[in-house]
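Colleague: Provided herewith is a single structure, encoded as structure tokens, for subsequent inquiry.
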Amino acid sequence: MTAISLPTVPVEGGLSLYFREAWRFPMLEADEEFMLAKRWREHEDVDAAHALVTSHLRLVCKMAMKYRGYGLPVADLISEGNIGLMKAVRKFEPDRGFRLSTYAIWWIRASITEYILKSWSMVKLGTVSAQKKLFFSLRRTKSQLKILDDCDLTPEQADQLSERLGVPADDIVAMNRRLAARDTSLNVPMGDDEGMEFQDTLKDEALSPEMAFAESEELSLRGGFLKTAVAALPERERHIFTERNLSEEPKTLEELGQYYGVSRERVRQLEARAMERVQKAVLDAAENAGAV
């Protein structure tokens, strides 16, 4: 199959020439197609495979044009569709009784749609069939309902689309936002300034290395103050404070009340007193250390 020579798919400006070349290849009659498919399947006759592929190039062109609204070069869509067509010819079984076009259309569509999904975002999109279906049906349905394609959905529009597509409104809103937000190159020119790129407009919201180090040091210092303050609490208050505020799975007031044989309210009072002592001890230590 790799030996098949196809017309070169040009850049966008030369598509009309490619279309003319694709339409020059004759369509096959059913019996001729059957014999060519048998020759390829049984004898790996490359000439037969070439005839099968080229006779369906126009089908790829027609399908690629249906997906031109996704902002990708039609030439790329055609190239991907041709790959799908060749896969279809490789796997086609003429004895099953249907035409190659009926079988190939699924391979062509799959190849084109997979290319669109991969090209849309570096973040993987459409991981299950339902998401893929929504990706390609949402824009068409919005057009049918006369909903603008370049803005966020109102709750009413989301509900309307949800009813039409049988998909939860939240999923529709999320997919609509993904459709509206393509990946942008950091080197895209901005405005009339030729030296200005998109990356120049981005602001790093993270702390500077110096500030991050200072904040880390302060947190470490306060952690030491807290540890010292908790250690100074009476044993019962220290246990209640730790179980209620420092444990990965905090115990309830009722659980601690049963443990000490007191009421929930008494445990709450002991926790509150411990909290006040810890807060005061930490603040006093921080002031003495000049950390505040």
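Taken together, the values in this text are just the output of simple stated rules run on the coordinates, not laboratory data. Because the structure is predicted, anything quoted here is derived from the model rather than measured. Don't worry about glycine lacking a Cβ; one is built from the backbone with ideal geometry, like all the others, and counts go over all protein chains shown.
Colleague: Pick out, from I116, L85, V46, the residue whose Cα sits farthest towards the positive end of the charge dipole of segment 12-120, with +1 on the Cβ of Lys and Arg and -1 on the Cβ of Asp and Glu.
Modeller: Farthest towards the positive end: I116.
Colleague: Which FRET efficiency value, to the nearest 0.05, is calculated for R90 and S16 with the Förster distance at 25 angstrom and r the Cβ-Cβ distance? Display every interim value, and only then the final one.
Modeller: Working: r = 30 Å, r/R0 = 1.19.
Efficiency, from the Cβ-Cβ distance: 0.25.
Colleague: Next question, about the same structure. Using Cβ counts within 10 Å as a stand-in for footprinting exposure, how do V60, V74, V53, V167 rank, fewest first?
Modeller: With the sparsest Cβ surroundings first, the list reads V74, V167, V53, V60.
Colleague: Computed FRET efficiency, Cβ-Cβ of F34 and A110, R0 25 Å: what is it to the nearest 0.05?
Modeller: Taking R0 as 25 Å, the efficiency between F34 and A110 is 0.55.
Colleague: Quickly work out the R177-to-T141 label distance, labels modelled 7 Å from Cα along the C-beta direction, and quote it in nm with one decimal.
Modeller: So the two model labels end up 1.9 nm from each other.
Colleague: So, one more: Run the simple label-point estimate for K118 and D170 please: 7 Å along Cα→C-beta, distance reported in nm.
Modeller: Each label point is offset 7 Å from its Cα along the Cβ direction, giving 3.2 nm.
Colleague: Which of the pairs K62/K132; K66/K132; K62/K118; K38/K91; K62/K142 have their Cα atoms more than 19 Å apart in this structure?
Modeller: K62/K132; K62/K118; K62/K142
Colleague: Using alpha-carbon pairs under 8 Å, 6+ residues apart, how would you state the relative contact order of segment 8-113 in percent?
Modeller: 28 percent
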